[in-house]
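Working notes, structure below.
What follows draws every value from the coordinates through simple rules; no lab data is involved. Please read these numbers as outputs of a predicted model, since none were measured by experiment. Methodologically, a virtual Cβ is constructed for each residue, glycine included, from the backbone with ideal geometry; neighbour enumeration extends over all protein chains shown.
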Amino acid sequence: MKIDIQIAEEGHAFYAEAICQLIEESAKVRGTGIAKRDPKYIKKKMRNNNAIIALHGNALVGFCYIEVWSHGKYVANSGLIVAPDYRKMGLAKAIKQKAFNHARDQYPNARVFGITTSLAVMKINTELGYKPVTFSELTQDETFWNGCQSCPNYDVLSRNNRKLCICTGMLAPSKSEDPLFNLSNQVIQNQ
């Protein structure tokens, strides 16, 4: 089975409704928070090359997007979703890896973060170099936290003054801070 995982562009905009529906359905099944997104928002991410889409032929099978916060000091890979028939195949990890690398290439000085309730996503994030952190180490950008309002667990976050929620905050170093990236660059330059 050939799955094409690529940087989404404006030509993929017709998938935006299906992506939003997939995000909403997944949140209902899991019973945990995945913030709702508007198709216009998803289309904007595609237009700006800040999204990753996975396709099996013309069928949408997965998606993730990049958000930039605090004037480029932080980026997040958000909205990771895989269609139910394509789960348990390693696709989420492949999409997340592509989104992580793309975010770090586009924003090499930004720290990459995410919040999640998914054990599978926490495992993937850990393999990519993320570490669990308190919410105080994440962006304090109001717009980011306002995006949590559509999550069913928003009351937990708000009553704890954004210091604690059901989600786990995870943070990876920027590409420029990453010792593994810097070490591999030194090896290449010394050859």
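Some notes on this structure:
- For the range 1-67, a simple Cβ point-charge model (Lys and Arg +1, Asp and Glu -1, everything else neutral) yields a dipole of about 140 debye relative to the Cα centre.
- Note on LYS163: aspartates and glutamates with a C-alpha under 17 Å away, same-chain residues under 8 apart excluded, are GLU137, ASP141, GLU142, ASP155.
- Whether the range 1-145 is rounded, prolate or oblate, judged on the alpha carbon gyration tensor where a/c under 1.5 counts as rounded: rounded
- Length gained when the stretch GLN21-HIS71 is fully extended (0.36 nm per residue, less Cα-Cα span): 15.0 nm
- Which listed pairs, of LYS45/LYS131; LYS36/LYS73; LYS2/LYS123; LYS2/LYS96; LYS44/LYS123; LYS28/LYS88, have C-alpha distances above 22 Å, in listed order: LYS45/LYS131; LYS36/LYS73; LYS2/LYS123; LYS44/LYS123
- Size of charge dipole - the range 4-190 - debye, nearest 20, with Cβ of Lys, Arg +1 and Asp, Glu -1, no other charges: 280
- Net charge of neighbours whose Cβ lies under 13 Å from the Cβ of ALA8, counting Lys and Arg as +1 and Asp and Glu as -1: +2
- Computed extension gain for GLU9 through ILE166, at 0.36 nm per residue and net of the alpha carbon distance, reaches 53.2 nm.
- When you count the other C-beta atoms within 10 angstrom of each residue and take the mean per peptide, 158-165, 171-178 line up highest first as 171-178, 158-165.
- Note on MET89 and VAL156: the model spin-label points, each 7 Å out from Cα along the C-beta direction, lie 3.1 nm apart.
- Residue-wise HN-Hα couplings along the range 131-140, as the Karplus relation 6.51 cos²θ - 1.76 cosθ + 1.60 with θ = phi - 60° gives them from phi, are 10, x, 9, 6, 4, 5, 8, 8, 4, 9 Hz; Gly and Pro carry x.
- Of TYR65, TYR154, TYR74, the sequence from fewest to most neighbouring Cβ atoms within 10 angstrom is TYR154, TYR74, TYR65.
- Helix content alone sets the calculated 222 nm mean residue ellipticity of the chain: runs of n ≥ 4 DSSP H residues at -39500 (n - 2.57) each, divided across all residues, give -11500 deg cm²/dmol.
- Using the Cβ-Cβ distance between THR134 and MET1 with R0 = 25 Å, the FRET efficiency computed as 1/(1 + (r/R0)^6) comes to roughly 0.05.
- Extreme residue, positive dipole direction of the range 4-190, given options ALA27, VAL68, VAL82 (C-beta unit charges): ALA27
- Leading residue at positive end of dipole, the range 50-153 (Cβ point charges), from THR143, ALA103, HIS56: HIS56
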